[in-house]
Structures are given as C-alpha cells and as structure tokens.
Amino acid sequence: MVLVGYFITFEGVEGCGKTTQIKLLWEFLTARGAVVHLTREPGGCPIADKIRAILLDAENKAMAPLAELMLYASARAQHVSEVIAPALTSGNIVLCDRFFDATVAYQCFGRGLERDIITVMNDLACQGTTPDLTILVDCDPLIGLSRARKRIEASQGPREERFELEAMAFHQRVRAGYLHLAAENPSRFVVINGDDSIEAIFATISQHVIQRLPEELRVIC
Ligand code: TMP
C-alpha cells in the first residue's frame with residue numbers, strides 16, 4: 001500500500017496539553033481547505049474504542065503488563081487498518097493523539113517491558129505505517145497530572161483514570177522515555193516546551209507543520 005498523505009502524531013505525559021494543541025492544529029489546517037482526520041489512541045474507531053474502555057477503566061488494576069501491551073497493539077492494528085492507512089492512502093493529513101511511541105514510553109519505560117517485545121508488537125500493528133512528524137509536548141508530570149486530575153473530576157463520562165492513578169515515579173519514567181525517543185529520532189520528533197502559553201505553543205507547532213508539510217499539501221497553507 002502506498003501512503004501518500006502526511007501523518008502527524010502528538011505525544012506527552014498526562015495533562016501536557018497535547019489534546020488542546022491537536023484540536024487547534026485540526027482547526028488551522030481544515031480552515032485552509034485540507035482534508036484532515038483527527039483521531040486518537042487508544043481508540044479512533046468503534047472496535048478500538050471498546051478496547052480503550054477496558055484499558056483505561058480504573059477497576060482493571062490487576063491487568064498484567066503483557067495483557068496491557070497486547071490490548072494496545074490490538075486497538076492499534078484495528079485503527080491503522082480501518083482509519084489511518086486508508087486516509088493516508090487517499091492523500092489526506094492524519095493527526096493522531098498518541099501512537100506507537102506511547103507504547104515505548106508507557107509499556108517499556110513505564111512498566112519495564114522489554115523494548116524488543118514492544119518493537120515486534122508495534123511493527124505487527126502498524127504494518128509499515130509510521131508518523132512523518134511527532135510533536136512531543138514536554139511537561140513536568142507534577143504539573144500535567146494535576147491538570148489531568150482536574151479534567152477527570154469535571155468530566156461527566158466514564159472515569160478513564162487507570163494511568164492517572166499511577167505513582168509519580170511511573171510518570172517520570174514515561175517522560176524520560178519520551179525524551180529518549182526524541183533523541184533517538186531527531187528528524188521525526190519536535191520537542192515543545194509544554195510550560196509555555198497555549199498560544200505560544202501553537203505558534204511553534206504550526207510553524208513546524210507548515211515547514212514540513214510536503215509541497216503538494218503545503219500549497220493549502
Ligand atoms: P490519553 O489520556 O491521552 O487519552 O491516553 C490514554 C492513556 O493510555 C494514557 O494514560 C497513556 C496510555 N497509553 C499507553 O500506555 N500506551 C499506548 O500505546 C497508548 C496509545 C496510550
């Protein structure tokens with residue numbers, strides 16, 4: 001399958017502000033006439049959304065790390081084949097709130113699973129679909145988690161807080177994992193300081209995106 005669109009992923013610890021930024025980018029690109037799919041992981045399609053509910057349910061405290069990894073991979077396999085790959089094949093832009101880097105940051109650096117096992121699962125699930133650009137909104141988990149907890153308290157829906165309940169040391173490892181991934185993949189990652197204002201962060205992100213979009217997609221900006 002030839003992927004001709006452009007695939008941008010957003011990553012970061014809980015409450016880093018990536019979801020606000022991805023929505024702003026969707027509005028920005030859509031207003032300029034691009035066909036942009038905004039999606040997220042885990043989830044992004046009905047089957048993967050059902051897996052999301054299992055993964056984030058705080059009652060599932062007993063979930064084994066390997067079972068967790070396989071559920072993320074299953075959700076991703078469905079999401080890639082049903083949503084992401086077809087959109088890219090059609091030449092569209094895809095914005096995804098978390099993708100395979102999250103599995104390395106959370107299941108490898110956070111949970112301590114072997115990197116090789118995660119690589120195999122990610123490769124199986126993605127079938128060659130790789131982000132062109134990954135925006136890492138870097139933020140101290142102390143600040144991010146307090147924001148994330150406020151959001152959960154205010155939300156009317158199911159309490160998706162299994163990860164927010166993890167110890168601070170877990171979130172520090174996740175942050176370190178993301179920074180490690182960014183250093184390993186400097187041409188794909190852009191690291192943004194999540195402490196800046198929403199406007200300043202978005203100005204930086206939109207600049208990077210405009211510069212990097214391929215010629216045929218860039219004309220719309
Ligand atoms: P969200 O809060 O950004 O919607 O993400 C859901 C949670 O799932 C978040 O705590 C990070 C976690 N996660 C993983 O542990 N591994 C993964 O592969 C993905 C995509 C998310």
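Among the residues of region 143-152, just one is charged (D, E, K, R) and within 10 Å of the ligand (Cβ to nearest atom), namely R151.
Got at least one residue in region 89-99 being on the phi > 0 side of the Ramachandran plot and either among the charged types (D, E, K, R) or under 16 Å from the mean Cα position of the chain (by Cα) (or both)? Scanning region 89-99 turns up at least one residue that is on the phi > 0 side of the Ramachandran plot and either among the charged types (D, E, K, R) or under 16 Å from the mean Cα position of the chain (by Cα) (or both).
Evaluate the following for Q207: is it open to solvent by 70 Å² or more (accessible area, probe 1.4 Å), at pLDDT 95 or above, more than 30 Å from S81 (Cβ to Cβ) and over 19 Å from the mean Cα position of the chain (by Cα)? Before the answer, list the steps.
Details: open to solvent by 70 Å² or more (accessible area, probe 1.4 Å): yes; at pLDDT 95 or above: yes; more than 30 Å from S81 (Cβ to Cβ): yes; over 19 Å from the mean Cα position of the chain (by Cα): yes.
Considered against the rule, which asks whether it is open to solvent by 70 Å² or more (accessible area, probe 1.4 Å), at pLDDT 95 or above, more than 30 Å from S81 (Cβ to Cβ) and over 19 Å from the mean Cα position of the chain (by Cα), Q207 comes out as yes.
Here is a check on your reading of the model: is I118 assigned to a helix (DSSP H, G or I), open to solvent by less than 10 Å² (accessible area, probe 1.4 Å) and at pLDDT 95 or above? Can you show your working first?
Working: assigned to a helix (DSSP H, G or I): yes; open to solvent by less than 10 Å² (accessible area, probe 1.4 Å): yes; at pLDDT 95 or above: yes.
Yes; evaluated as a whole, the condition is true for this residue.
Only residues that are of a type in the set (S, T, Y) and either away from the ligand (no atom under 12 Å from the Cβ) or part of a loop (DSSP other than H, G, I, E, B) (or both): list them for region 153-196, please. If the condition is that a residue be of a type in the set (S, T, Y) and either away from the ligand (no atom under 12 Å from the Cβ) or part of a loop (DSSP other than H, G, I, E, B) (or both), then S155, S187 are the ones that fit. For region 53-62, a residue qualifies if it is within 17 Å of G110 (Cβ to Cβ) and either near the ligand (Cβ under 8 Å from one of its atoms) or surrounded by 15 or more Cβ atoms within 10 Å (Cβ to Cβ) (or both), and the qualifying residues are L55, L56. Being in contact (Cβ under 8 Å) with a residue 24 or more places away in the chain and hydroxyl-bearing (S, T, Y): is that true of T103 here? So T103 passes the test. For region 1-52, the set of residues classified as open to solvent by 10 Å² or more (accessible area, probe 1.4 Å), among the charged types (D, E, K, R) and either away from the ligand (no atom under 15 Å from the Cβ) or over 14 Å from V94 (Cα atoms) (or both) consists of E14, K18, E27, R32, D49, K50, R52, listed by residue number.
Taking each residue of region 115-142 that is over 29 Å from I210 (Cα atoms) and looking for partners that are at pLDDT below 95 and assigned to a loop (DSSP other than H, G, I, E, B) with beta-carbon atoms closer than 6 Å, six or more apart or interchain, yields nothing.
Hey, any hits in region 130-151 for a residue that's touching a Cys at 6+ places or on another chain (Cβ under 6 Å) and either among the acidic types (D, E) or at pLDDT below 95 (or both)? Break it down into steps so the answer makes sense when it comes.
Taking region 130-151 as the starting set, the residues that turn out to be touching a Cys at 6+ places or on another chain (Cβ under 6 Å) are 137, 139, 144.
Checking which are either among the acidic types (D, E) or at pLDDT below 95 (or both) leaves us with 144.
Yes, some residue in region 130-151 is touching a Cys at 6+ places or on another chain (Cβ under 6 Å) and either among the acidic types (D, E) or at pLDDT below 95 (or both).
Name the residues in region 121-134 that are open to solvent by less than 10 Å² (accessible area, probe 1.4 Å), more than 12 Å from the ligand (Cβ to nearest atom) and either hydroxyl-bearing (S, T, Y) or more than 12 Å from the chain's Cα centre (by Cα) (or both), would you? Passing the criteria: T129, T134. There is no residue in region 90-103 that is in a loop (DSSP other than H, G, I, E, B), open to solvent by less than 10 Å² (accessible area, probe 1.4 Å) and more than 23 Å from I47 (Cα to Cα).
Each residue in region 104-113 was checked for being within 9 Å of the ligand (Cβ to nearest atom) and not in a helix (DSSP H, G or I), and 1 pass.
The values are calculated or read from the model by the stated rules, or taken from the named source; none is laboratory data. The shown structure was predicted, so the numbers you read here are calculated from the model rather than taken from an experiment. Because the Cβ atoms are built from the backbone with ideal geometry, glycine has one as well, and the counts that use them run over all protein chains shown. Protein only, heavy atoms only, side chains kept; ligands, DNA and RNA dropped before computing areas. Shrake-Rupley method; radii C 1.70, N 1.55, O 1.52, S 1.80 Å.
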